[in-house]
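Student: My questions all concern the structure below.
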Amino acid sequence: MVERTGLLIADEIHLIGSEIGPGYEVIVLRTRYVTAQSKISKTRVVALACPLANARDLGNWANSQEIFNFAPGSQPLPLEVHIQSFNAPHFPSLMIQMAKPAYLSILEYAHEKPVIAFVPSQKQFRLTASNLSIYAPSDKDPQRFLNIKQEDLAPFLAKFSNENSARLWASGIGYCHEAISNTDKVIVQKLFEVGAIQVVALKDFAWGSPKLLQYASNQYPPPCWFSSLLVFH
């Protein structure tokens, strides 16, 4: 089968460094190996990825003859990156310190459009979502992130397996990760896609949810990163 393949398009190849990376790596390397051994035809590999700092290294690994790397602003939807630094050495304190700026950045850049907040761990999912839901009432707008009437949202909330989470999602903020039930995942994604809820907090699960379109996102750092909040707009 590989010998009869003339072109292999390896999309999202930057996922080599993620959880699905080993399987992706085997596919590309196996294709290269079979092509090198074949005397009949050669398979051309075209690798596509988001803008990368190490694009040349990844291109050399894929045995690319030509490497093209573009700035984030060169894509069809230009991407702006805003970085805000913090000086808290204690990670839990850092997460608390970043909560309010994350909320303010959502108000500044997203307005009423969809937002995804990427958090470093499952423990931080609910904490981040809860913090965002607390700041909204303090601005005298407790349903700032909810773009649907409560009576229209009620049938969806009744299907949630976790009542505590349902109360949080009723404010327009949801969280989605690998540990919650498939039913809850589908409901959260559906509400986010149609614009009923505005903010979703998730991590690696985003790679498996291609329909989640956001106009702004907040990147919370994992413990091994520097203390910075990245805002993509």
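The values are calculated or read from the model by the stated rules, or taken from the named source; none is laboratory data. Keep in mind that what you see is a predicted model, and the values were worked out from it rather than measured. Backbone-built Cβ (ideal geometry, glycine too); neighbour counts: all protein chains shown.
Student: Got at least one residue in region 88-107 being in contact (Cβ under 8 Å) with a residue 40 or more places away in the chain, in contact with a strand residue (DSSP E or B) (Cβ under 7 Å, 6 or more places away or on another chain) and over 25 Å from ALA179 (Cβ atoms)?
Tutor: yes
Student: Oh, and also: Which of the following residues is surrounded by 14 or more Cβ atoms within 10 Å (Cβ to Cβ), of a type outside the set (Gly, Ala, Ser) and under 21 Å from PRO92 (Cβ atoms): VAL115, VAL119, VAL199, VAL188? If you could, list the steps in order and put the result at the bottom.
Tutor: Working: VAL115 fails: under 21 Å from PRO92 (Cβ atoms); VAL199 fails: under 21 Å from PRO92 (Cβ atoms); VAL188 fails: under 21 Å from PRO92 (Cβ atoms).
Of VAL115, VAL119, VAL199, VAL188, the one residue that is surrounded by 14 or more Cβ atoms within 10 Å (Cβ to Cβ), of a type outside the set (Gly, Ala, Ser) and under 21 Å from PRO92 (Cβ atoms) is VAL119.
Student: Right, SER105: touching a Ser or Thr at 6+ places or on another chain (Cβ under 6 Å), at pLDDT 80 or above and buried (at least 17 other Cβ atoms within 10 Å of the Cβ) or not? So that I can check it myself, show each step before the final result.
Tutor: Values: touching a Ser or Thr at 6+ places or on another chain (Cβ under 6 Å): no; at pLDDT 80 or above: yes; buried (at least 17 other Cβ atoms within 10 Å of the Cβ): yes.
Here the answer is no, as SER105 does not meet what is asked.
Student: Is it the case that some residue within region 22-36 is at pLDDT 75 or above and part of a loop (DSSP other than H, G, I, E, B)? Please lay out each step first, then the result.
Tutor: Going residue by residue through region 22-36, those that are at pLDDT 75 or above are 22-36.
The next check asks that each one be part of a loop (DSSP other than H, G, I, E, B); those that pass are none.
No; the residues of region 22-36 include none that is at pLDDT 75 or above and part of a loop (DSSP other than H, G, I, E, B).
Student: Those residues that are closer than 15 Å to LYS100 by Cβ and surrounded by fewer than 16 Cβ atoms within 10 Å (Cβ to Cβ), I need them from region 131-152; list them, please.
Tutor: ILE134, PRO137, SER138, ASP139
Student: What is the number of the single condition among (1) surrounded by 12 or more Cβ atoms within 10 Å (Cβ to Cβ); (2) touching a strand residue (DSSP E or B) at 6+ places or on another chain (Cβ under 7 Å); (3) farther than 30 Å from ARG30 by Cα that VAL46 does not meet?
Tutor: (3)
Student: Among the residues of region 180-190, write down those that are out of contact with any helix residue (DSSP H, G or I) (no Cβ under 6 Å at 6 or more places or on another chain) and aliphatic (A, V, I, L, M). Explain how you work it out, then say what you get.
Tutor: Step one: list which residues in region 180-190 are out of contact with any helix residue (DSSP H, G or I) (no Cβ under 6 Å at 6 or more places or on another chain), which gives 180-186, 188-190.
Residues satisfying the conditions are ILE180, VAL186, VAL188.
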